[in-house]
Amino acid sequence: MSYSSIARFYKLIESVTIGGSLLDARLGHLQRLAEGPAIHHALLVGEGNGSFLLPFAQQFPNTRITVLDESPAMLRVAQNRLEAAGIDTARIAFWQVDMTTEQLPEDRYDLIVTLFFFDNFDAATVRRVVPVLERASTASAQWLLSDFQIPASGWRRLRARIWLIILYAFFRCVAKIPARTVPPVEAILAATSFKQVARETYSAEMLYSTLYGRA
């Protein structure tokens, strides 16, 4: 899997599809995070081109941030985006890693962020990666998750199915993602020590954003 070939055009790709709703889902809990417990060290997994990183870094100027992505091109785009906005990146670490095999330091991060990351993988891979991230989080950590879903019924369900067929076909072709369908990420997280705090949906319920706290 690699998004490097489309890193420079990723923002454009989003803007001509459902980019506005994707951004809303990414930022839907940003104010709630600002009003919650202090965030000393955040881990952004599969951040891509920095759509969440930039506003997060602006709102949390004292938070250390570690950004993980498989694509070095995406990491460069994200870093350039911050520097163009005048953000001091000295407190931000950019790591190229493959999270399907990476092992992280334990008890390190008090915010885990996975935005439109797990939809790249099948359920078995998600079940393998989630415990790695859980062990990397502190006892009082929060977890911010955004992803796709298929609504239960009606025109929203049909619309989401059509969109996801198109999106999966496109990204399987250009980025070689292994997934064919959306994995049950919320069900997998429900079996962890993280419990849902707040949940919002966007784009006729095709997108969701959930904030978790660690029990």
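The values are calculated or read from the model by the stated rules, or taken from the named source; none is laboratory data. All figures in this text were calculated on a predicted structure; none of them were measured in a lab. Quick reminder, even Gly has a Cβ in these numbers, built from the backbone with ideal geometry, and neighbours come from all protein chains shown.
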Qualifying residue in the range 98-117 (condition: in contact with an Asp or Glu (Cβ under 7 Å, 6 or more places away or on another chain), touching a residue at least 24 places away in the same chain (Cβ under 8 Å) and loosely packed, with under 15 Cβ neighbours inside 10 Å): yes
Which one of the conditions (1) under 17 Å from the mean Cα position of the chain (by Cα); (2) modelled with pLDDT of 95 or more; (3) more than 26 Å from residue 65 (Cβ to Cβ) does residue 154 fail to meet, given that it meets all the rest? (1)
Which of the residues spanning the range 91-144 are over 30 Å from residue 201 (Cβ atoms), under 17 Å from the mean Cα position of the chain (by Cα) and of a type outside the set (A, V, I, L, M)? 94, 95, 96, 98, 102
Please go through the range 175-215 and give me each residue that is farther than 20 Å from residue 125 by Cβ, touching a helix residue (DSSP H, G or I) at 6+ places or on another chain (Cβ under 7 Å), outside any strand (DSSP E or B) and not hydroxyl-bearing (Ser, Thr, Tyr), ordered by number. 204, 205, 206
Suppose we filter the range 22-63 for residues that are surrounded by 16 or more Cβ atoms within 10 Å (Cβ to Cβ), outside any helix (DSSP H, G or I), at negative phi and in contact with a helix residue (DSSP H, G or I) (Cβ under 9 Å, 6 or more places away or on another chain); how many remain? 11
Please give the number of the condition residue 49 fails out of (1) at pLDDT 95 or above; (2) more than 26 Å from residue 124 (Cβ to Cβ). (1)
Kindly check whether there is at least one residue in the range 112-123 that is touching a Phe, Trp or Tyr at 6+ places or on another chain (Cβ under 6 Å) and hydroxyl-bearing (Ser, Thr, Tyr). no
Those residues of the range 1-21 that are surrounded by 14 or more Cβ atoms within 10 Å (Cβ to Cβ), in a helix (DSSP H, G or I), in contact (Cβ under 8 Å) with a residue 60 or more places away in the chain and of a type in the set (Gly, Ala, Ser) come to a total of 3
Is one or more of the residues making up the range 122-139 buried (at least 21 other Cβ atoms within 10 Å of the Cβ), assigned to a strand (DSSP E or B) and either basic (Lys, Arg) or in contact (Cβ under 8 Å) with a residue 60 or more places away in the chain (or both)? yes
Any chance the range 88-97 includes a residue that's over 25 Å from residue 126 (Cα atoms), of a type in the set (Asp, Glu) and either modelled with pLDDT under 95 or not in a strand (DSSP E or B) (or both)? yes
